[in-house]
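Reviewing the structure listed below.
Read-outs: derived from the displayed coordinates by stated rules, not from any lab. Please read these numbers as outputs of a predicted model, since none were measured by experiment. We place every Cβ from the backbone using ideal geometry, glycine too, and count neighbours over all the protein chains shown.
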Amino acid sequence: MELHSKLQSESRRLDSRNMENNTGKTWTAEELQSVRMLYTQNVPVVEIAQRLGRSYMAIVSRLQRLGLMDRLGNRILKLNEKGGAQ
């Protein structure tokens, strides 16, 4: 089983025990900033979900919408204006 699937399975198990306090709520500007910052600092998605009180899949979905993750769960490398990686 690939790592992404293992983390997703573990997150679902934890989610069922500890319901997220932000489920169904609109994302705030601060949460969006936190997701970007934490993900670009290589914080695992499971940990980001726990910190923000969101499900694993909510974080994955938001990262995809932000253009930071593809639909397969791969990190998308952004390039800065000079052509280097950010």
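Could you list which residues have their amide H under 5 Å from that of MET69, counting only those 5 or more apart in sequence or on another chain, with H placed in the peptide plane?
Here GLN64, ILE76 satisfy the definition.
Using Cβ counts within 10 Å as a stand-in for footprinting exposure, how do ILE48, ILE59 rank, fewest first?
So the ranking, lowest neighbour count to highest, is ILE48, ILE59.
In nanometres, what is the gap between the two model label sites at ASP70 and GLN33, each 7 Å from Cα along Cα-to-Cβ?
Here the modelled spin labels are 3.1 nm apart.
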